[in-house]
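Novice: Can you read through this structure? Questions will come right after.
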Amino acid sequence: MALIRATCSECGDVELRSRDLEVRICADTSTSTYLFRCPICRMTEVKGADEQIVDILAAAGVRCVEWRLPAELGERPLGAPITHDDVLDFHEILLDESWFATLAAMTES
């Protein structure tokens, strides 16, 4: 198992094994990141990775995961934008014990 040196934003350079890192590749945008948990402070670090870094990490045995953007990003919202008054109205609906029935009735029409 390869030793890999990475940089924690709090602790500086740290040494990791390939099993301690993960490469994430977005299938929709072809952008990549790698992440690891710092062995000193235990914070998760996420760093951008170009093609060369992805190749090096994959060759070192780092697990690569492909993911896709949520489908909701491609949807076009219908209706007017939500206002502050809408949020306040929603808050008042939630104060009532029958909030679920009220919201269900509102979505039926």
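All of the numbers you see were taken from the coordinates with simple rules; none came from a lab. This one's a predicted model, so the numbers in the text were calculated from it and none came from an experiment. Neighbour counts are summed over all protein chains in view; Cβ atoms, including those assigned to glycine, are modelled from backbone coordinates with ideal geometry.
Novice: List pairs: first in the range 82-100 and surrounded by 10 or more Cβ atoms within 10 Å (Cβ to Cβ), second among the hydroxyl-bearing types (Ser, Thr, Tyr), Cβ under 9 Å, 6+ apart or cross-chain?
Specialist: Final answer for the pair search is 93/102; 96/102.
Novice: Please specify each residue of the range 8-33 satisfying the condition of being surrounded by 11 or more Cβ atoms within 10 Å (Cβ to Cβ), without any contact (Cβ under 8 Å) to a residue 24 or more places away in the chain and either part of a strand (DSSP E or B) or in contact with a helix residue (DSSP H, G or I) (Cβ under 7 Å, 6 or more places away or on another chain) (or both).
Specialist: Selection gives 16, 17, 32, 33.
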